[in-house]
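Please read the structure below before turning to the comments.
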Amino acid sequence: MASAAARGRGHEGTGAPVRVDRPAVLRHRAGVQQLDRAPGSVTDPTDAAVLDLGVQDTGPDGALWALALRGVAVRAADHPEALAYAWTLRGAPHAYRRGDLRAVERAVRPWSDGDAAKRIFDAARPLRAAGTPPTQAIAATARAMREVVVRPMVKGEVSTAMTAAMPDAYLRECRPCGAVHMYEQTFRLAALHAGLELEAGTSPPVLRRIARWPSSQVGRTEPPAAGEPLDVVRTALHLLGPTTPALVAGFLDAPAREVAARWPSDVVDVDVEGRTCQVLVEDLDALRAAARVDAPPCVRLLGPYDLFLQARDRDLLAPDPQVRASLWPVLGRPGAVVVDGEVVGTWRPRARGRVLHLDVTPSRPWTRAVRAGVDEQHGLLAAFRGVRTP
């Protein structure tokens, strides 16, 4: 059988990869992720393509600022009922369309015990030593968690109850806490499979049952078929392409061989300045169009965990090693100042009472238009937070 790459090359007819340069790739990703939409131009909070993959809700502005950057008219104090939050990819909290939650739960099920073991990290070893396959461990945790959370409960309360409910192989001694409790990733990744969501705006997080969640879907282990609705591999390829199975595997914390096995067949090889990647056939025209620059610069203040910055080809996003070091430090990530997909600096918010200051560090000289765009974004962020600029 022909490989996915070969079938994709056949679409072009010549076998030669489509050549695109790095700026075109970045503009394409920005466009596919709708970072070029006008601020406040979208009233429906579910009208954002990035919600297909989930919008990470980490940091003071989190998922709602990511949506605001994509034109959604939303503020930090808003908690739209149409959005729901759950621990999913990499165990991080993500926002989704509430109506998609059942499909999301299917989409994020482990594909195998090897995949499940990679997702739960060090929790896999004691489970396997006890003869418990990692996939079954996540399912058992989900069923127990469903029994525990019968009302909205703070995470610590749920954790205490789960420690009492689960066998020793699921537990560890936590030196920072000075206590024994469940391995964190197993706990987090089981929650949606238990039919539980995170209550919006709570810190520490509050878990609660998702309304009308079918009992038959609690703790199910059947992996989704490739290409099902919200397929995480295909969606990541669409939103982060052109890319490769290895890069998507890094994004998903999944085994590269399993991502490759689920790789779509309707792809085209792309040469990005010497590196071979792939893009969906349906995205090829948009990628080619991104090579043309015929609009004013689009300036955005991306949050530290914005999907655009989550792509694992960091040397493509920021070729300068010093810029990469400033964007992705071990602790305390800044936001990124991005112009047409190009990282041109970093930013950090600094609040003083009801006034929001912005500390910016350019990584290259800024034009007057870029500085004006940063000032505009500063004002939008202040309005989003319900404060003002100096």
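Out of curiosity, is residue 292 in a helix (DSSP H, G or I) and either modelled with pLDDT under 95 or open to solvent by 10 Å² or more (accessible area, probe 1.4 Å) (or both)?
When the stated conditions are applied, residue 292 does not pass them.
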Original post:
Out of (1) hydrophobic (A, V, I, L, M, F, W, C); (2) under 28 Å from residue 299 (Cα atoms); (3) touching a residue at least 60 places away in the same chain (Cβ under 8 Å), the odd one out for residue 104 is which?
Top reply: (2)
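Return the residues of region 179-229 that are on the phi > 0 side of the Ramachandran plot and open to solvent by 30 Å² or more (accessible area, probe 1.4 Å); say none if nothing qualifies.
Of everything in region 179-229, those that are on the phi > 0 side of the Ramachandran plot and open to solvent by 30 Å² or more (accessible area, probe 1.4 Å) turn out to be 201, 212, 227.
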Original post:
Looking at region 90-106, which of its residues are surrounded by fewer than 22 Cβ atoms within 10 Å (Cβ to Cβ) and out of contact with any Asp or Glu (no Cβ under 6 Å at 6 or more places or on another chain)?
Top reply: 91, 92, 97, 98, 99, 100, 101, 102, 103, 106
**OP:** Mind telling me which of the residues 367, 389 ends up being of a type in the set (Ser, Thr, Tyr) and either surrounded by 18 or more Cβ atoms within 10 Å (Cβ to Cβ) or more than 22 Å from residue 78 (Cα to Cα) (or both)?
**Re:** 367
Original post:
What do you reckon, is residue 323 surrounded by 14 or more Cβ atoms within 10 Å (Cβ to Cβ), under 25 Å from residue 292 (Cβ atoms) and either touching a residue at least 40 places away in the same chain (Cβ under 8 Å) or within 24 Å of the chain's Cα centre (by Cα) (or both)?
Top reply: no
**OP:** Answer with yes or no whether residue 285 is free of Cβ contacts under 8 Å to residues at least 60 places away in the same chain, of a type in the set (D, E, K, R), open to solvent by 10 Å² or more (accessible area, probe 1.4 Å) and over 24 Å from residue 67 (Cβ atoms).
**Re:** yes
**OP:** State the number of residues belonging to region 347-364 that are in contact with a strand residue (DSSP E or B) (Cβ under 7 Å, 6 or more places away or on another chain) and either open to solvent by 50 Å² or more (accessible area, probe 1.4 Å) or closer than 24 Å to residue 290 by Cα (or both).
**Re:** 10
**OP:** Please state which of the following conditions residue 243 fails to meet, knowing it meets all the rest: (1) open to solvent by 20 Å² or more (accessible area, probe 1.4 Å); (2) more than 23 Å from residue 141 (Cα to Cα).
**Re:** (1)
Original post:
Looking at residue 254, is it surrounded by 20 or more Cβ atoms within 10 Å (Cβ to Cβ), in contact with a helix residue (DSSP H, G or I) (Cβ under 6 Å, 6 or more places away or on another chain) and small (Gly, Ala, Ser)?
Top reply: yes
Original post:
Is it true that some residue in region 265-274 is open to solvent by 50 Å² or more (accessible area, probe 1.4 Å), free of Cβ contacts under 8 Å to residues at least 24 places away in the same chain and either hydrophobic (A, V, I, L, M, F, W, C) or outside any loop (DSSP other than H, G, I, E, B) (or both)?
Top reply: no
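The values are calculated or read from the model by the stated rules, or taken from the named source; none is laboratory data. These figures come from a predicted structure and were not determined experimentally. Because the Cβ atoms are built from the backbone with ideal geometry, glycine has one as well, and the counts that use them run over all protein chains shown. Note: accessible area is taken over every heavy atom of the protein model, side chains too, but ligands, DNA and RNA are not part of it. Shrake-Rupley method; radii C 1.70, N 1.55, O 1.52, S 1.80 Å.
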